[in-house]
1. Charges at C-beta only: +1 for Lys and Arg, -1 for Asp and Glu. How large is the resulting dipole of the stretch 114-288 about its Cα centre, in Debye rounded to 20?
2. Too long at a 24 Å Cα-Cα cut-off: which of LYS134/LYS173; LYS33/LYS170; LYS66/LYS103; LYS103/LYS227; LYS100/LYS225?
3. Which cross-chain or sequence-distant (5 or more) residues have an amide H under 5 Å from the amide H of ARG102, H modelled 1.01 Å from N in plane?
4. Enter the Cα centre distance for the pair the stretch 119-150 and the stretch 1-66, rounded to the nearest angstrom.
5. Which GluC sites (Glu not before Pro) from the stretch 134-166 combine a DSSP loop assignment with at most 16 other Cβ atoms within 10 Å?
6. Could you state the angle between the C-alpha long axis of helix 3-12 and the longest principal axis of the C-alpha atoms of the chain, as a value from 0 to 90 degrees rounded to the nearest 10?
7. Would you compute, from DSSP H runs of 4+ residues alone, the mean residue ellipticity of the chain at 222 nm, taking -39500 (n - 2.57) per run and dividing by the full residue count, rounded to the nearest 500?
8. With Rg and Dmax of the Cα atoms in Å defined as stated, name the option among (1) 21.6, 78; (2) 20.0, 69; (3) 22.8, 71 computed from the structure displayed.
Amino acid sequence: MQIKDALEDYMHYLQVVENKALSSVSSYRCELKQYLGFLNSKNVDEMNDIDDLLIEEFLSLQQQNKTNTSINHMITTLRMFHRYISMSYPAIHDPTLHIKSRKTARKLPAFFNTADIERLLDSFSNSDNDLFHKAMLEILYGCGLRVSELCSLRLNQTHLEQGYLRVIGKGDKERMVPMNQRSVKALSLYLEFVRPSWVKNRNSYVFITKSGHMVSRQYVHTLIKQKLQELGLDERLSAHSFRHSFASHLLDGGADLRSLQELLGHSDISTTQIYTHVQTKRLKEAYASFHPKAKEEHK
């Protein structure tokens, strides 16, 4: 079987059978195109001519300018592709069976303290642009959404009177996320006074730019970077820090880990548990700073 035919077969499977979002399918295609480009440079065009040594060579080249986390994402994509093809066409072997994931250091996420997040969210004016920007950031922090979930949010997923959002997360999994009063107010103002004058062609996305297009992830990242610089806040913070802050502040307020897992849309609770490490680190720092015995030890 030709590799290019296998790719189209797999893309059709993801889109039609698995019913994956177009953005997800596009992301998989982009990664696999890099892989196919490498195989083409090695004059390999048949699926059964691919072996684990070729894959390791490809990953080594990728590793020159990518983190181990990104490499592991690529490995997952390759495994899914080859597993599907080998299961659909038993005569074709799976060369990823012995490919191992790279080790990654578990980094504690950066997050806002409550004073800084309040300062940031209160820094907007009543201009159309600021109402638009404030609504997005209130939702990121108040609901703990991923940036991709914010950008792809549609009008029929908002339930302002009931105070919740219906969010489509990773793997197209759906979850209900409550909204606080601030988030409801900010989103309501944007939807009532800003969006109607920007919308074109019945666009159903909640957050759109002045040109009427769905807001991009890059737009959100750039906005946040500019606000951090404007307010003199820690520039290690990022768009994802809003989600981290949502989680950390809920835990600080007494939320249990299982509820937090549901709110964040994590399929595995071990992903949620990193926030308990954040709490532990903060408690240790507080102990070292304020407990008299700890102070004596550091003299």
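Laboratory data are not the source of any read-out in this text; all were calculated from the coordinates shown. Predicted model, so just to flag it, every value in this text is computed and none were measured. With ideal geometry, Cβ positions are generated from the backbone for all residues, glycine too; neighbour counts draw on all protein chains shown.
1. 440
2. Violating the 24 Å limit, Cα to Cα: LYS134/LYS173; LYS103/LYS227; LYS100/LYS225.
3. Distant-sequence amide H within range of ARG102: ASN72.
4. 37
5. On the way: sites: GLU138, GLU149, GLU161; in loops: GLU161.
Loop-located and lightly packed - GLU161.
6. For 3-12 against the chain, the angle is about 40 degrees.
7. Working: 15 runs with 172 residues, N = 299.
One gets -17500 deg cm²/dmol as the mean residue ellipticity at 222 nm.
8. Read-out from the structure maps to (3).
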